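Okay, structure first, notes after.
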Amino acid sequence: MEKMVIEGGYPLNGKVRVNGAKNAALPIMAACLLLNGTSKLKGIPELTDVATLCKILNELGTDIKKCSDGSLDITVKSEKNIIAPYDLVRTMRASICVLGPLLGKRGMAQVSIPGGCSIGSRPIDIHIKGVESLGAKVEVRDGYIFATGEKLKGSDVYLGGPYGSTVLGTCNIIMAAVLAEGRTIIENAACEPEVQDLANFLNKAGANITAIGENNLVIDGVDKLNGIEYEIIPDRIEAGTIMIAGAITGGNITLENDASCYLASVIDKLREAGVDIKVPDFGMNIPGSVKSGECTVKSDGNIKPISITTLPYPGMPTDMQAQFTALLSIANGTSIITERVFPHRFMHVAELNRLGANIRNDDAIAIIKGVSSLSGTTVMASDLRASASLIVAGLAAKGVTEIRRLYHIDRGYERLEDRLTSLGAKIWREKE
Ligand code: EPZ
């Protein structure tokens with residue numbers, strides 16, 4: 001096993017390009033199960049989650065070729081298998097996103113129940129309710145979802161849950177409905193840019209989805225979809241993480257392919273914390289129109305305390321919560337973070353405290369009393385964004401920080417240490 005070692009205290013300076021979005025890539029790759037012919041997907045990041053999904057898609061009769069330009073050519077060769085097995089699904093919850101396309105195209109799906117993870121229990125009841133609304137028969141037994149629905153029928157589907165909309169639930173119902181008979185209206189659809197990207201991809205392949213990026217999404221079923229060439233949107237969470245790395249080290253960085261049009265909530269809070277951010281002229285937050293350019297992030301390292309509440313898009317992403325917790329641990333005063341998407345997503349708090357932070361977590365709230373500096377030690381990563389928060393903290397901490405259980409970071413950030421090194425960080429991998 002590998003660990004990440006960071007010698008903290010070096011401000012990040014320079015330019016870095018943001019990769020394609022993991023959380024757009026995964027459902028779009030799964031959506032290729034719905035298509036006839038070959039699709040070429042560009043901008044797919046090199047991540048272990050992507051590799052896991054490739055294995056599942058291979059199991060499901062799909063041929064995936066990596067081209068010299070890094071793009072993936074995906075072709076369905078056989079539609080016989082409908083089983084996504086436990087051994088693969090257990091390593092990545094997003095595997096649930098093959099449920100909708102299998103059902104929509106093959107009329108049947110047998111998908112292992114993904115199970116919980118360190119960010120919470122993560123039920124799939126809304127996914128099941130959604131496909132049932134389209135006429136599928138679903139049985140949950142022996143750790144699997146068995147779903148059948150020879151010809152799904154469009155209907156009104158309400159997808160709200162205790163914490164708002166569901167991202168992958170919305171993706172699954174979109175994918176189950178695109179080839180269904182008639183019109184489906186998803187009420188309380190997730191509006192996340194990655195859901196929009198899936199809908200845009202499917203439309204380019206021949207689907208008829210309207211009101212993309214709105215709460216009531218409309219899908220008119222079509223007879224078939226064809227393979228296309230498509231470029232994935234930039235990863236707003238990777239961009240936000242690098243912005244925070246720049247801010248916490250008192251750096252000056254430029255992000256290319258920045259997706260700031262989807263980062264309004266993050267940029268707003270970083271500015272409130274005293275970070276100087278300049279975004280491209282075309283503005284932010286325009287539903288359906290992904291525009292990326294260059295944005296700059298500049299900080300003198302003096303961070304003001306702020307309050308943050310995570311919410312579904314366009315609110316503050318829960319996937320940025322851990323990184324903000326790290327940043328605010330060195331603010332000049334007390335900050336409060338309220339987690340309204342995954343209320344138990346605070347495993348990073350104890351580890352940040354080991355680095356000298358002063359954070360108290362009660363239920364879904366973290367109270368962060370800023371300290372003058374963090375100091376390096378050995379810490380343990382518990383999930384992807386927790387790992388990112390520990391790296392961000394380590395960049396600012398005095399001395400050396402070692403992060404164990406590093407495999408989490410490779411699930412969602414492509415060679416993060418190389419990119420931080422190019423910005424002047426002292427960070428490297430070692431064998432444990
Ligand atoms: C997606 O997970 C992302 N994963 C997560 O990214 C992200 O944290 C999350 O959306 C929220 O933005 C991918 O896109 C691959 P949800 P998803 O269903 O879709 C509850 C990362 O670090 N819920 O929107 O699984 C659920 O428990 C990650 O990249 C139900 O109650 O999340 C949560 O409280 C991890 N029943 C809330 O809804 C359901 O059937 C939102 O979860 C489904 C969800």
Matching residues in region 236-282 (among the polar types (S, T, N, Q) and open to solvent by less than 10 Å² (accessible area, probe 1.4 Å)) number 2
Note on region 86-116: residues touching a residue at least 60 places away in the same chain (Cβ under 8 Å) and open to solvent by 40 Å² or more (accessible area, probe 1.4 Å) are K105
Residues of region 154-179 being in contact (Cβ under 8 Å) with a residue 60 or more places away in the chain, open to solvent by less than 10 Å² (accessible area, probe 1.4 Å) and either aliphatic (A, V, I, L, M) or touching a Phe, Trp or Tyr at 6+ places or on another chain (Cβ under 8 Å) (or both), in sequence order, are I173, I174, M175, A176, A177, V178
message = Residue under question is A381, and the condition is that it be without any contact (Cβ under 8 Å) to a residue 60 or more places away in the chain and within 16 Å of the ligand (Cβ to nearest atom); does it hold?
response = yes
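Only strands (runs of 3 or more DSSP E) wholly contained in region 314-432 count here; list those with 3 or more residues that are open to solvent by 10 Å² or more (accessible area, probe 1.4 Å).
Numbers: elements: 334-339, 358-362, 365-369, 378-380, 400-404, 426-431.
Counting at least 3 such residues, we get 334-339, 358-362, 365-369, 400-404, 426-431.
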Scanning region 1-18 for residues that are surrounded by 23 or more Cβ atoms within 10 Å (Cβ to Cβ) and assigned to a loop (DSSP other than H, G, I, E, B) gives G8, L12, V18
Note to self: One residue is enough: does region 71-83 have a residue meeting the conditions open to solvent by less than 40 Å² (accessible area, probe 1.4 Å) and either on the phi > 0 side of the Ramachandran plot or within 16 Å of the ligand (Cβ to nearest atom) (or both)?
What the structure shows: no
Only one of (1) within 21 Å of V400 (Cβ to Cβ); (2) at pLDDT 95 or above does not apply to S382, and that is (2)
N285: passes all of (1) polar (S, T, N, Q); (2) modelled with pLDDT of 95 or more; (3) at positive phi but (2)
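I'd like to verify a number: residues in region 417-432 that are among the aliphatic types (A, V, I, L, M) and either out of contact with any helix residue (DSSP H, G or I) (no Cβ under 6 Å at 6 or more places or on another chain) or at pLDDT below 95 (or both), how many?
Total satisfying the criteria: 2.
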Residues that are in a loop (DSSP other than H, G, I, E, B), open to solvent by 60 Å² or more (accessible area, probe 1.4 Å), assigned by TED's automatic domain parsing to the domain that holds E194 and touching a Gly at 6+ places or on another chain (Cβ under 7 Å): does region 47-63 have at least one?
no
In region 195-212, anything over 17 Å from the mean Cα position of the chain (by Cα), without any contact (Cβ under 8 Å) to a residue 40 or more places away in the chain and assigned to a helix (DSSP H, G or I) is listed as N203, K204
Determine if region 294-303 includes at least one residue that is buried (at least 24 other Cβ atoms within 10 Å of the Cβ), modelled with pLDDT of 95 or more and of a type in the set (A, V, I, L, M). yes
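A quick yes/no check of all residues on (1) within 20 Å of I232 (Cα to Cα); (2) touching a helix residue (DSSP H, G or I) at 6+ places or on another chain (Cβ under 8 Å):
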position: T48; (1), (2): yes, yes
position: T52; (1), (2): yes, yes
position: E59; (1), (2): no, yes
position: C67; (1), (2): yes, no
position: S71; (1), (2): yes, no
position: K77; (1), (2): no, no
position: A84; (1), (2): no, yes
position: L88; (1), (2): no, yes
position: A94; (1), (2): yes, yes
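Looking at this structure, is N215 surrounded by fewer than 24 Cβ atoms within 10 Å (Cβ to Cβ) and outside any loop (DSSP other than H, G, I, E, B)? Give the derivation first.
Details: surrounded by fewer than 24 Cβ atoms within 10 Å (Cβ to Cβ): yes; outside any loop (DSSP other than H, G, I, E, B): no.
Against the criterion (surrounded by fewer than 24 Cβ atoms within 10 Å (Cβ to Cβ) and outside any loop (DSSP other than H, G, I, E, B)), N215 does not qualify.
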Here the qualifying pairs (Cβ atoms under 7 Å; residues six or more apart or on different chains; first in region 402-417 and in contact (Cβ under 8 Å) with a residue 60 or more places away in the chain and under 15 Å from I242 (Cα atoms); second within 15 Å of the ligand (Cβ to nearest atom) and open to solvent by 30 Å² or more (accessible area, probe 1.4 Å)) come out as E414/N19
Of those in region 117-145 that are surrounded by fewer than 16 Cβ atoms within 10 Å (Cβ to Cβ) and farther than 27 Å from H344 by Cβ, the residue farthest from the ligand (Cβ to nearest atom) is D142
Given (1) outside the structural domain of L152 (by TED's automatic domain parsing); (2) modelled with pLDDT of 95 or more, A259 misses just (2)
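The values are calculated or read from the model by the stated rules, or taken from the named source; none is laboratory data. On a predicted model such as this, the values are computed, not experimentally measured, just so you know. Here Cβ is always computed from backbone atoms with ideal geometry, including for glycine, and neighbour counts include all displayed protein chains. SASA here: full protein model, heavy atoms, side chains in, ligands and nucleic acids out. Shrake-Rupley method; radii C 1.70, N 1.55, O 1.52, S 1.80 Å.
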